[in-house]
Amino acid sequence: MTIDELNKRKTPIVVIDKSLEKFKGKILFPEKLLKANEVLKRIGLPKLTTK
């Protein structure tokens, strides 16, 4: 298969490994999640500006 054929394809060529399903719904880095939540509470999300 050539690069041109790959570029014209409608289906993605990336395949997700099915063994990753065991991590679905699990928090992998709870310390980072807690820190991110603390930062969001203090600072918040950036405000959207419209032109």
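Remarks
- Between the Cα long axis of helix 30-42 and the first principal axis of the chain there is an angle of about 60°, rounded to the nearest 10.
- Residue-span extension gain [Lys10 to Leu33] - 0.36 nm each, minus C-alpha spacing: 4.7 nm
- For the chain, the solvent-accessible area with a 1.4 angstrom probe is 115 square angstrom per residue.
- In order along region 4-19, phi translates into HN-Hα couplings of 4, 5, 5, 5, 7, 5, 8, 9, x, 9, 8, 10, 8, 5, 5, 5 Hz, rounded to whole numbers, per the Karplus curve 6.51 cos²θ - 1.76 cosθ + 1.60 with θ = phi - 60° and x for Gly and Pro.
- Leu48 versus Leu20: modelled label distance in nm, points set 7 Å from Cα along the beta carbon direction: 2.8 nm
- Solvent-accessible area, 1.4 Å probe, carbon plus sulfur percent, for the chain: 62 percent
- Equivalent ellipsoid semi-axes, the chain, via Cα gyration tensor eigenvalues times 5, rooted, Å: 37, 24, 8
The values are calculated or read from the model by the stated rules, or taken from the named source; none is laboratory data. For clarity, every value in this text was computed on a predicted model and none was experimentally measured. A quick note on method: Cβ atoms are made from the backbone with ideal geometry, for glycine too, and the neighbour counts reach across all protein chains shown. The accessibility values were calculated without ligands, DNA or RNA, using every heavy atom of the protein model including side chains. Shrake-Rupley method; radii C 1.70, N 1.55, O 1.52, S 1.80 Å.
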